[in-house]
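S.K.: Questions regarding the structure given below will be posed in turn.
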Amino acid sequence: MSAPHSAAEPLLVVLLGPTASGKTALSLALAERFGGEIVSCDSVAVYREMDLGSAKPSVEERSRAPHHLIDVFAPNEQCTAGDYARLARAAIADISARARLPIVTGGTGLYLRALLDGLFAGPQRSAALRTHLERSHQRFGAGWLARVLRRLDPAAAASIHENDTPKLIRAIEVCIAARQPMTEAWREQGRDRLTGYRILRIGLEPERKALYDRINRRAAQMFTDGLVEETRGILEKYGEFPGDGTASGEEDRVSRGPMDALGYRQARAVLRGELPEPEAIVQAQQGHRNYAKRQLTWFRREPEVHWLKGFGDDPAIRDEAMKLVETERNLRSTR
């Protein structure tokens, strides 16, 4: 349960939802109506030169309201969830200090969790231990890591799928380094939650078929607009990147780097001659649809979300969101 907030605290709007649900359009409408500035919460848009595959706001859209946390890192750098949280919190503080409305917008759940709830940092990673665990996993096969974690920390094992190798390895690593179950270490350390703001969470949840239709069109348009060529240019400039296309979850995808993101992963396969472009488009569409499902599952764990059943560019949905923000603003002004 979230802590109670004072009406005297500045308002922070968090706009969340699956890919292609119209978050950009709604964030711009809210920013123009309430004097807001947009803080992107997207693990690919944070990278420069990665424009088509990230569906980041266009130059024209960014001219309508100030944007933050877009085009910050080079593609061969890594922006961790912790890096994002520090930069986003600084941006939010600056926006509020200038009596503007910060609007966090995006679909990267891990980044949002780091921003609002903080992250459990855990002990420093051990390359030697991770290599040993990876080799043991290959030797003993599926299920071995899960069995090890069940012995070390049954609570953590119950929350991680037995096929999610990166998370299993990290949990085992934390247990061994901390000399206690990861769940106990987490409780002792706690998290650095964002405080000092009244947080209004607005979620977009369009009808599933309509959302998938829009996802399919957008994924295909990325390739039509030149995603393969954009990917080629990045690889020629920066060289190959880590990531083998096997990322199993959002935390793993973020850790592997931006070139393993959906769309770019398939474009790389086209460049390597592993996929014809039509098949790459189909795989990208399927991947984005699956990602949208995972996003909704993740965001439903967020507390106190005002869910709006439509797209952010729908005038009726826009009006509902406007009323929610207006109500929160009035709450402060009447106290």
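The values are calculated or read from the model by the stated rules, or taken from the named source; none is laboratory data. Nothing here was measured: the structure is a model prediction, and the numbers come from that model. Cβ coordinates were reconstructed from backbone atoms using ideal geometry, including for glycine residues, and neighbour counts include every protein chain displayed.
S.K.: If only one of TRP307, TRP298 is modelled with pLDDT of 90 or more, of a type outside the set (Val, Ile, Thr) and in the same structural domain as THR80 (by TED's automatic domain parsing), which one is it? Give the derivation first.
M.R.: Details: TRP298 fails: modelled with pLDDT of 90 or more.
Criteria check complete, one pass: TRP307.
S.K.: Further, regarding this structure: Would region 245-256 turn up any residue that is of a type outside the set (Phe, Trp, Tyr) and modelled with pLDDT of 85 or more?
M.R.: No, every residue in region 245-256 fails to be of a type outside the set (Phe, Trp, Tyr) and modelled with pLDDT of 85 or more.
S.K.: Which of the residues belonging to region 65-103 are in a strand (DSSP E or B) and in contact with a helix residue (DSSP H, G or I) (Cβ under 7 Å, 6 or more places away or on another chain)? Outline the logic, then answer.
M.R.: Applying the first criterion (in a strand (DSSP E or B)) to region 65-103 yields 67-68, 73, 101-103.
Across region 65-103, the qualifying residues are HIS68, LEU101, PRO102, ILE103.
S.K.: Tell me the residue from GLU37, GLU9, GLU60 that is under 21 Å from the mean Cα position of the chain (by Cα) and either under 20 Å from ARG218 (Cα atoms) or among the acidic types (Asp, Glu) (or both), please. Steps first, answer last, please.
M.R.: Details: GLU9 fails: under 21 Å from the mean Cα position of the chain (by Cα); GLU60 fails: under 21 Å from the mean Cα position of the chain (by Cα).
Just one listed residue meets the conditions, GLU37.
S.K.: Looking for whichever is more than 24 Å from ASP260 (Cα to Cα) and surrounded by fewer than 21 Cβ atoms within 10 Å (Cβ to Cβ) here; the options are LEU129, LEU116, LEU87. Which one fits?
M.R.: LEU129
S.K.: Filter region 9-61 down to the residues that are of a type outside the set (Lys, Arg), in a helix (DSSP H, G or I) and closer than 21 Å to ASP225 by Cβ and list them by number.
M.R.: Correct list: THR24, ALA25, LEU28, VAL59, GLU60, GLU61.
S.K.: Checking the structure you have, find out if any residue of region 54-71 is touching a residue at least 40 places away in the same chain (Cβ under 8 Å) and either under 28 Å from GLY287 (Cα atoms) or aliphatic (A, V, I, L, M) (or both). Spell out how you get there, then give the answer.
M.R.: Step one: of region 54-71, the residues touching a residue at least 40 places away in the same chain (Cβ under 8 Å) are 54-55.
Among the residues that remain, those that are also either under 28 Å from GLY287 (Cα atoms) or aliphatic (A, V, I, L, M) (or both) are: 54-55.
Scanning region 54-71 turns up at least one residue that is touching a residue at least 40 places away in the same chain (Cβ under 8 Å) and either under 28 Å from GLY287 (Cα atoms) or aliphatic (A, V, I, L, M) (or both).
S.K.: Does any residue of region 47-56 turn out to be at negative phi, loosely packed, with under 14 Cβ neighbours inside 10 Å and within 20 Å of the chain's Cα centre (by Cα)?
M.R.: No, every residue in region 47-56 fails to be at negative phi, loosely packed, with under 14 Cβ neighbours inside 10 Å and within 20 Å of the chain's Cα centre (by Cα).
S.K.: Among the residues of region 151-170, is any in contact (Cβ under 8 Å) with a residue 24 or more places away in the chain, within 30 Å of THR19 (Cα to Cα) and among the β-branched types (Val, Ile, Thr)?
M.R.: yes
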